[in-house]
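What follows is a set of notes on a single structure, which appears directly below.
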Amino acid sequence: MPGAGPEFRVIDPATGETHSTIRASTQEQVSEAAEAAQRAGESWGALSQPERSGALHAVADGIRAREGLLAEALTHETGRPLSRNHLYVDMAVDVFHMYAELSRALGGRVAPSNDPGQLSLVLRAPHGAIGCLIPWNYPLLLLVFKVAPALATGNTVVIKPASETPLSLAVLSEVFAETLPRGVVNTVLGSGRTVGEGLVTDPRIDMIAFTGSTEVGRRLGVLCAELTKPAHLELGGKDPAIVFEDADPHVAAEGVAWASFLNAGQVCTSTERVYVAAPIYDRFVEEVVAVTESIRVGDPFDQTTQLGPMRSEGRRRKVLGEIEAAVSAGARVVAGGAPLDRPGFFMTPTVVVDVNHEMGLMSEETFGPVLPIMAFSSEDEAFGLAADTPYGLGASLYTNTPRLVERAYRELNVGTVWVNDPVVDNLAAPFGGNRASGNARELGVEALESFTTARHVHWNLELEPKPWWYRGE
């Protein structure tokens, strides 16, 4: 619904200028959205699964019909190259089609019964109304990863996008309005501190699904715990990459650069620290500098552009400050490291060497186009450095040695281990992290479990007395 609260501006990060002005939702409108989701839940949950699946297929078709509008909106609000945004619209279509069909086949299980003449049914039941809080870096995909499985399993949703990136949701809302019953999907706009927390604390919202920083996720987790409300948290990361001696330095350099600089490094699964075997360290650094300096940074609507701007001036300033602090502590910048002299929030992709774990660049989430590199002298040292973090989102390996892969997925407490192919989403497999990186899983069949709760039905088929019951005379 259109907001009736204070105005806020949406800045195009490629120009630094205001793209549009939007009104935030009022607390009354947040309350109305929660009420609408709760009211619609009974009828939406009562539909047959084929009916809900058909509605999700219709949503997918509606997204496909608006591919151009969605891709352009994403480019204006994120600064990401238009060509990649078309790919992400394609993924969104696939996610809705996938959950439309998966939800037809997965609804629970029959557990072994205690005795003959009994059934023990384990059902997957919807939570109810789910508040979905979406971040600014992937405002379409990270919305779809929550909303599609939630709707497929009978939940209703209230969506709050980041105040920086509401444009793609405006297009998507038209699709929801055309394809779904009223109240099944609701949207509110505004800041996390007011609109977001108002949604979290509303008693009609039964679960919160949040993607964002660990700091904010912890705060929301506390609020949900006080209300005994499930909190589905996908949080930050400080993902390592380990390049072992048997890896081709040139090929590994290309993979690491991709994983570090995709979306200007503004990805929770970005490679943010790199450990390279000492015998190939110098060659690797040479190769990765060459790749980095070849990346085409520029207008996201130019089809030749590979890297767009950062999302905001404040975030660019933070990243440049982390680089400066590392250099003051002894690090060296060997590629990039500066803002571009043009409108917008562009900066050159950056490679930093002579770093250590005393520097924030190697311990705190950077969320920018920076690739810091350290050498290691043994496998034990490599795995020890990779594990030296409170985060647990992902890790990348470059090796042709199966033993090292087995050690990685056994020892590293992360949600995903990528081997020779970094930062790839497989829609059929779960995504999520551990420890400071969150507590939930999206994608795959696991998402259907994340957005449902288990309900056990113990059924004695005939009413008959049991020997342990109390009996009257």
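The values are calculated or read from the model by the stated rules, or taken from the named source; none is laboratory data. Remember, it's a predicted structure, so these values are computed and weren't measured experimentally. So basically every Cβ, Gly included, is an ideal-geometry build from the backbone, and we count neighbours across all protein chains shown.
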Can you pull out every residue in segment 207-256 that is under 22 Å from L443 (Cα atoms) and of a type in the set (G, A, S)?
A209, G212, S213, G217, G221, A231, G236, G237
With surrounded by 13 or more Cβ atoms within 10 Å (Cβ to Cβ) and either in contact with a strand residue (DSSP E or B) (Cβ under 9 Å, 6 or more places away or on another chain) or in the same structural domain as P230 (by TED's automatic domain parsing) (or both) as the only criterion, which of V424, V414 stands out?
V414
Could you list all residues from segment 160-196 that are assigned to a loop (DSSP other than H, G, I, E, B), under 18 Å from the mean Cα position of the chain (by Cα) and touching a residue at least 60 places away in the same chain (Cβ under 8 Å)?
S163, E164, T165, P166
Could you please find all residues in segment 180-197 being closer than 15 Å to C224 by Cα and surrounded by fewer than 23 Cβ atoms within 10 Å (Cβ to Cβ)?
G192, R193, E197
For the list (1) touching a Lys or Arg at 6+ places or on another chain (Cβ under 9 Å); (2) part of a helix (DSSP H, G or I), I need the number of the one condition that V157 fails.
(2)
Output yes when any residue across segment 96-106 is surrounded by fewer than 23 Cβ atoms within 10 Å (Cβ to Cβ), assigned to a strand (DSSP E or B) and at pLDDT below 95, and no when none is.
no
Going by what's in this entry, would A252 be described as assigned by TED's automatic domain parsing to the domain that holds H357, surrounded by fewer than 20 Cβ atoms within 10 Å (Cβ to Cβ) and more than 21 Å from the chain's Cα centre (by Cα)?
no
Test for A247: is it outside any loop (DSSP other than H, G, I, E, B) and either aliphatic (A, V, I, L, M) or in contact with a Leu (Cβ under 7 Å, 6 or more places away or on another chain) (or both):
no
Residues P339, P369, P402: which one is over 26 Å from E245 (Cβ atoms), surrounded by fewer than 22 Cβ atoms within 10 Å (Cβ to Cβ) and not polar (S, T, N, Q)?
P339
Which one is surrounded by the most Cβ atoms within 10 Å (Cβ to Cβ), of the residues in segment 283-315 that are part of a helix (DSSP H, G or I) and aliphatic (A, V, I, L, M)?
V288
List, please: which pairs have Cβ atoms under 6 Å, are six or more places apart or on different chains, and start with a residue in segment 42-70 that is in the same structural domain as N85 (by TED's automatic domain parsing) and end with one that is part of a loop (DSSP other than H, G, I, E, B) and at pLDDT 95 or above?
W44/V184; G45/G154; A55/L180
How many of the residues making up segment 197-244 are in a helix (DSSP H, G or I), over 19 Å from S437 (Cβ atoms) and of a type in the set (A, V, I, L, M)?
3
P149 closer than 25 Å to K229 by Cβ, under 21 Å from the mean Cα position of the chain (by Cα), assigned to a loop (DSSP other than H, G, I, E, B) and not aliphatic (A, V, I, L, M):
no
